[in-house]
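Trainee: Quick one: the structure is below, and I'll ask about it shortly.
The values are calculated or read from the model by the stated rules, or taken from the named source; none is laboratory data. Just so it is clear, the model here is predicted, and its values are computed rather than measured. Here the Cβ is made from the backbone with ideal geometry for all residues, glycine too, and neighbour counts use every protein chain on show.
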Amino acid sequence: MKIAICIKHVPTAENVEVNEETHQLIRDTAESDTNPCDLNALEFALQLKNATDGTIDVFSMGPENAMASLKKSLAIGADNAYLLADKRFAGSDTLGTARVLAAGIKTHGPYDVIFTGSESSDGGTGQVGPMIAEIFGMPDVSETVSVTAADGGLDIKKRVEGGNMLLHVATPVVLTVPFGCNEPTLPTLRSQRQANKADIPHVDDDALAIDDKTIGMPGALSIVTDVHSASSGRQAEEISGTFGEIAGRIGELIEEGRA
Amino acid sequence: MAGIGVFAEITANGADEALGSLITAAKTVTDVSGEEITVIAAGPDIEKYKEAFSFQGVSKVVLCDLPGVSFVQTDVIAKDLADVIEKSGFSAVLVPATHTARALFARIAMKLNIGMTADCTSLRTEVVDGKTVIHQIKPSFGAQIMVDCDIIGQPQIITMKTDDYEPAALGGTPSVEVLRPETSGSAITVNGFEEISSANSLHDAKIVVCAGKGAMADDNFQLIQQYAEKIGAAVAGTRPMADNGWIPFSSQVGQSGTVIRPDVCITFGVSGAIQFTEGIKGDPVIIAVNSDPHAAIFGFADYAVVADMHDVLTELLK
């Protein structure tokens, strides 16, 4: 089974602040890592690879520091990695991002399965996976929490309220995977060291046959006009006093709430 | 049928209860723009929802009857809904920010090449040169940041978290149009449903004690467990707690975990990122213990205890 997976290198959320004057995000670029649920998606890709004697190709659109996530993926068990990097990609909304990733995937495809995480921890739209499916005319299953090869296709569990839908889907298909549905394999020191030596190709806009008007800033239809610190305007009532008094008040509140 | 479209999601459990709130959000737009509200839905036996969709303020209900099509077959439904939206002349379509609805409309956005925002919590509408302009406000990067978004072109697709809106009242008299498009086969087959009961015990708990990253230090988590036992509460936690193996993933509360609806929720060492607070529904009394007076959780909780959790827990266990 030929498997593709899209991963995103994201800033770790807690380190993001807003410059009040410029409304720009202050990102500590040193503090970034692979989007958490992408590792859950990679875990399913590994399971399918092992069960079907398959291969995994990893694609990431982003700046140079995304190399860290690609190398991590290789260390975990992916076979090939590609960094889709070009200043013309910058400013893409979800439509543009999906087009760039799909173009990269198309160059090395066709694939039987394309994985993405459910959503990124920074933008959190959850749109890119299904958009890629639409570009390829493939079905998509969101909230995939289990996947096994069966009867020429895939048996899938899709998480919904109260349980899992049991589905069978013909390939090719796009699957999006939520955080926490499996335990991701981690790189070993040795595999990471090996992966760090890998020569990961850069793929730029010229290598992909995309209409430049549909990606980057020119293609973006969703525009951020302002960014500001959130203040809910709401503030909790403080419980103060000695620890004994605090504990007493908490006890009262629980009894009131329980009643 | 120009105006504002509102998508009524139908899942295995029937019509999504967020529809009423979504209509209230739509009214904030139409109050300014003077447009009409149309509810759109697609699925099998769709006509039975006619009355469930008749909210006050809704002018029209458009039902796409798709016999035998499951809500998970987004490859089929996207095509039919895209046709409806393309012909509608809507200036915007409001969509509940659920996993399946957002996947469905992401496909539609790509199919029609129209802009889409995600997880908006409020809208600000103005009319500029006779055109409805909807500014969309959404949280991003955890709890701390709000982003204002505009979409270029129309129709725009806006997925919304509607917790802040009161549901609209039923009892309107909209006109109803039933469409019966030809459907192609889906690549997805539904074979059954597997109920998960383990998640439900936390889901149904009346009192929940939530542990955050701060609970990883010393014997804090042990104290939290003892305290939960003392007061008969369920123990839950944030994603870092699950990530690091302190709690099972089924006990992780938040956007990517379980949703809880307790009467009382006490958090220890929880910073209050929106990915976590999204998992608490139903307006419980929330008591937050955190040593950081600036923790975002204090903007979400009802009661704040600014103190070291170890001291507080020790006292609570006496």
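Trainee: For residue B:218, work out the one condition from (1) under 30 Å from residue B:240 (Cβ atoms); (2) assigned to a loop (DSSP other than H, G, I, E, B); (3) assigned by TED's automatic domain parsing to the domain that holds residue B:68 it doesn't fulfil.
Mentor: (3)
Trainee: Examine region B:170-177 for a residue that is surrounded by fewer than 20 Cβ atoms within 10 Å (Cβ to Cβ), facing chain A (nearest Cβ under 10 Å) and over 24 Å from the mean Cα position of the chain (by Cα), and state whether such a residue exists.
Mentor: no
Trainee: Could you please let me know if residue A:222 is among the hydroxyl-bearing types (Ser, Thr, Tyr) and modelled with pLDDT under 95?
Mentor: Spelling it out, residue A:222 is indeed among the hydroxyl-bearing types (Ser, Thr, Tyr) and modelled with pLDDT under 95.
Trainee: Right, something else. Among the residues of region B:110-136, what is the count of those that are touching a Pro at 6+ places or on another chain (Cβ under 7 Å) and more than 7 Å from every other protein chain (Cβ to nearest Cβ)?
Mentor: Final tally of qualifying residues: 1.
Trainee: Condition check: at the interface with another protein chain (Cβ under 8 Å from one of its Cβ atoms) and farther than 29 Å from residue A:120 by Cβ. Does residue B:209 satisfy that?
Mentor: No: the conditions fail for residue B:209.
Trainee: Oh, and also: Being assigned by TED's automatic domain parsing to the domain that holds residue B:118, outside any helix (DSSP H, G or I) and in contact (Cβ under 8 Å) with a residue 60 or more places away in the chain narrows it down to one residue among B:39, B:76, B:29, B:84; which is it?
Mentor: None of the other options fit; the residue is B:39.
Trainee: Still on this structure, please answer the following. For residues in region B:94-104 being assigned to a strand (DSSP E or B) and either charged (D, E, K, R) or within 14 Å of chain A (Cβ to nearest Cβ) (or both), which is nearest to residue B:62 (Cα to Cα)?
Mentor: B:95
Trainee: Only residues that are in contact (Cβ under 8 Å) with a residue 60 or more places away in the chain, crowded, with 16+ Cβ neighbours inside 10 Å and over 17 Å from the mean Cα position of the chain (by Cα): list them for region B:105-144, please.
Mentor: Correct list: B:125, B:132, B:134, B:144.
Trainee: Also, quick follow-up: Quick one: residue B:45 ticks every box in (1) more than 14 Å from every other protein chain (Cβ to nearest Cβ); (2) touching a helix residue (DSSP H, G or I) at 6+ places or on another chain (Cβ under 9 Å) bar one, so which box is it?
Mentor: So the condition that residue B:45 fails would be (2).
Trainee: Just one of (1) within 13 Å of the chain's Cα centre (by Cα); (2) closer than 25 Å to residue A:50 by Cα trips up residue A:181, so point out which.
Mentor: Every listed condition holds for residue A:181 apart from (1).
Trainee: Also, I was wondering about something else. Name the residues in region A:158-172 that are more than 7 Å from chain B (Cβ to nearest Cβ) and farther than 23 Å from residue B:241 by Cα, would you?
Mentor: Matches in region A:158-172: A:171, A:172.
Trainee: Mind checking whether some residue in region A:25-45 is touching an Asp or Glu at 6+ places or on another chain (Cβ under 9 Å), under 27 Å from residue B:152 (Cβ atoms) and at pLDDT 95 or above?
Mentor: No, there is no match, as no residue in region A:25-45 is touching an Asp or Glu at 6+ places or on another chain (Cβ under 9 Å), under 27 Å from residue B:152 (Cβ atoms) and at pLDDT 95 or above.
Trainee: While we're looking at this one, here's another question. Could you look through region B:256-270, keep only residues that are surrounded by fewer than 23 Cβ atoms within 10 Å (Cβ to Cβ) and part of a loop (DSSP other than H, G, I, E, B), and pick out the one that is modelled with the lowest pLDDT?
Mentor: B:259
Trainee: Here's another thing I want to ask about it. Given the options B:169, B:233, name the one that is out of contact with any Pro (no Cβ under 8 Å at 6 or more places or on another chain) and closer than 19 Å to residue B:302 by Cα.
Mentor: B:233
Trainee: OK, next. I want to confirm something. Restricting to region B:194-242 and keeping residues that are among the charged types (D, E, K, R) and buried (at least 17 other Cβ atoms within 10 Å of the Cβ), which single residue is modelled with the lowest pLDDT?
Mentor: Going through the qualifying residues, I end up with B:239.
Trainee: Can you tell me which residue in region A:126-148 is nearest to the other protein chains (Cβ to nearest Cβ), limited to those that are under 18 Å from residue A:40 (Cβ atoms) and surrounded by fewer than 24 Cβ atoms within 10 Å (Cβ to Cβ)?
Mentor: A:143
Trainee: Here's a follow-up. Hey, can you tell me all the residues within region B:298-318 that are assigned to a helix (DSSP H, G or I), more than 7 Å from every other protein chain (Cβ to nearest Cβ) and within 13 Å of residue B:214 (Cβ to Cβ)?
Mentor: B:309, B:310, B:313
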